[in-house]
1. Using Cβ counts within 10 Å as a stand-in for footprinting exposure, how do VAL49, VAL16, VAL77 rank, fewest first?
2. Exposure proxy check: SER45, SER35 ranked by fewest other beta carbons within 10 Å?
3. Can you give me the relative contact order of segment 4-89 as a percent, contacts being Cα pairs under 8 Å and 6 or more apart?
4. Please identify the trypsin sites (Lys or Arg not before Pro) of the chain that satisfy two criteria: DSSP loop assignment and at most 16 other Cβ atoms within 10 Å. Which are they?
5. Given Cβ point charges of +1 (Lys, Arg) and -1 (Asp, Glu) and nothing else, what value in debye, to the nearest 20, does the dipole of the chain about its Cα centre take?
6. Once both labels are modelled 7 Å past Cα along the beta-carbon direction, what's the GLN64-ASN8 spacing in nm?
7. Cross-link candidates for LYS56: which aspartates and glutamates have Cα within less than 19 Å, leaving aside residues fewer than 8 places away along the same chain?
8. Can you find, among GLN11, LEU41, THR59, the residue farthest towards the positive end of the dipole of segment 4-89? Put +1 on the C-beta of Lys and Arg, -1 on that of Asp and Glu.
Amino acid sequence: MIDLNAMNREQMQQWVIGLLAEMFELNAAELTPQSNLYADLDIDSIDAVDLAVKLKQLTGKRLQPEVFKTIRTISDVVDALAGLAVEQAA
């Protein structure tokens, strides 16, 4: 299980980039915080659900549907995870 509180934002971002590269066979070197999951990375809605499930498996925390719907970029994923870390710490 990944401890989100043990990571700073940069580490979390690198972890997300690595996860996306592994799950969707992407080149991690080409991924940036501004990469759009749908337009740039060609991730569809089924892939997005797979990502949410994988994040829950790895962190033990579930992204709320209203948060999940707002995710468009890698940076948005990191923001959502940072929000989970804050909830986890509380």
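What follows is calculated from the coordinates using simple rules that are stated; it is not laboratory data. In this text, all values refer to a predicted model and were calculated from it rather than measured experimentally. Glycine gets a Cβ as well: all are built from the backbone with ideal geometry, and neighbour counts include every protein chain shown.
1. On the way: VAL49 11, VAL16 21, VAL77 24.
With the fewest neighbours first, VAL49, VAL16, VAL77 line up as VAL49, VAL16, VAL77.
2. Working: SER45 8, SER35 18.
Least to most surrounded, the residues fall as SER45, SER35.
3. Working: 66 pairs, mean separation 35.4, N = 86.
Relative contact order for segment 4-89 comes out at 41 percent.
4. Numbers: sites: ARG9, LYS54, LYS56, LYS61, ARG62, LYS69, ARG72; in loops: LYS61, ARG62, LYS69, ARG72.
Listed in order of number, the matching sites are ARG62, LYS69, ARG72.
5. I would put it at about 380 debye.
6. 2.9 nm
7. Output for LYS56: ASP3, GLU22, ASP44, ASP47, GLU66, ASP76, ASP79, GLU87.
8. Highest projection toward the positive end goes to THR59.
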